[in-house]
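Chemist: One structure coming up, written as structure tokens, with questions to follow.
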Amino acid sequence: MLKLAQLALVVRDYDEAIAWYTRALGFALVEDTPLGGEKRWVVVRPPGSGGADLLLARAANAEQGSRIGNQTGGRVFLFLHSDDFARDHAAFTRAGVKFVREPKEESYGTVAVFVDLYGNLWDLIGRRA
């Protein structure tokens, strides 16, 4: 069996990324291990998730830094499924998460698009049963 375990997300600063993902989205900090110098292994995950975790990877050079907030050329990058769309949309809104596309009914469920602190686009999806 194979399982997608982690996705690397290039960030500007470990601590600001940890703060945003844990406070605004309610993610859990799973690991924060120093690797020597200023490098750390930082992993966050949505509450109750059995899917892939996010590895917050601080940009190590100018080329990596140029990708912060735009790792996919402006396409939605990450897809967050919710078992209660209304609850999570309201909680994110209260936490100051910026939605750039309001909730819309689609054939597969309800979807809204938000941006993270760096500008990456995310889909919040409440799937139909």
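The values are calculated or read from the model by the stated rules, or taken from the named source; none is laboratory data. Note that this is a predicted model, so its numbers are computed, not measured. So basically every Cβ, Gly included, is an ideal-geometry build from the backbone, and we count neighbours across all protein chains shown.
Chemist: Among the residues of the stretch 21-41, how many are of a type in the set (Gly, Ala, Ser) and touching a strand residue (DSSP E or B) at 6+ places or on another chain (Cβ under 8 Å)? Even if it seems obvious, please write down each step before you answer.
Modeler: So in the stretch 21-41, the residues of a type in the set (Gly, Ala, Ser) come out as 24, 26, 28, 36-37.
Filter once more, so that each one left must be touching a strand residue (DSSP E or B) at 6+ places or on another chain (Cβ under 8 Å): 28.
Adding up the residues that qualify gives 1.
Chemist: Another one. Please determine, by comparing only the residues of the stretch 56-68 that are in a loop (DSSP other than H, G, I, E, B) and of a type in the set (A, V, I, L, M), which one is surrounded by the fewest Cβ atoms within 10 Å (Cβ to Cβ).
Modeler: Per the stated criteria, the residue is Ala60.
Chemist: Still on this structure: Can you confirm whether Pro47 is loosely packed, with under 15 Cβ neighbours inside 10 Å, out of contact with any Cys (no Cβ under 7 Å at 6 or more places or on another chain) and either modelled with pLDDT under 95 or closer than 16 Å to Ala8 by Cα (or both)? Talk me through it step by step, then tell me what you get.
Modeler: Values: loosely packed, with under 15 Cβ neighbours inside 10 Å: yes; out of contact with any Cys (no Cβ under 7 Å at 6 or more places or on another chain): yes; either modelled with pLDDT under 95 or closer than 16 Å to Ala8 by Cα (or both): yes.
Yes; evaluated as a whole, the condition is true for this residue.
Chemist: Could you check Gln71 against (1) surrounded by 15 or more Cβ atoms within 10 Å (Cβ to Cβ); (2) assigned to a loop (DSSP other than H, G, I, E, B); (3) out of contact with any Leu (no Cβ under 9 Å at 6 or more places or on another chain) and say which number it fails?
Modeler: Status for Gln71: all satisfied but (3).
Chemist: Does Arg58 satisfy the criteria of being touching a helix residue (DSSP H, G or I) at 6+ places or on another chain (Cβ under 8 Å), touching a residue at least 12 places away in the same chain (Cβ under 8 Å) and among the basic types (Lys, Arg)?
Modeler: yes
Chemist: Continuing with this model, one more query. Taking only the stretch 1-55 into account, find how many residues are in a strand (DSSP E or B) and either of a type in the set (Lys, Arg) or touching a residue at least 60 places away in the same chain (Cβ under 8 Å) (or both).
Modeler: 7
Chemist: Restricting the search to the stretch 69-117, which residues are small (Gly, Ala, Ser) and in contact with a Phe, Trp or Tyr (Cβ under 7 Å, 6 or more places away or on another chain)? Step through it out loud before you land on a result.
Modeler: Step one: filter the stretch 69-117 for residues small (Gly, Ala, Ser), giving 69, 73-74, 82, 86, 90-91, 95-96, 107, 109, 112.
Correct list: Gly69, Ala112.
Chemist: Inspect all residues belonging to the stretch 45-63 and state whether any of them is closer than 23 Å to Ala5 by Cα and outside the structural domain of Ala5 (by TED's automatic domain parsing). Talk me through it step by step, then tell me what you get.
Modeler: Quick first cut of the stretch 45-63, residues closer than 23 Å to Ala5 by Cα only: 45-60.
Filter again for outside the structural domain of Ala5 (by TED's automatic domain parsing), leaving none.
No, the stretch 45-63 has no match at all.
Chemist: Mind listing whichever residues of the stretch 74-129 are among the β-branched types (Val, Ile, Thr) and in a loop (DSSP other than H, G, I, E, B)?
Modeler: So in the stretch 74-129, the residues among the β-branched types (Val, Ile, Thr) come out as 76, 93, 97, 100, 110-111, 113, 115, 125.
Of everything in the stretch 74-129, just one residue is among the β-branched types (Val, Ile, Thr) and in a loop (DSSP other than H, G, I, E, B), namely Val97.
Chemist: Same structure, new question: Which condition breaks for Leu2 when tested against (1) surrounded by 13 or more Cβ atoms within 10 Å (Cβ to Cβ); (2) under 28 Å from Ala129 (Cβ atoms)?
Modeler: (1)
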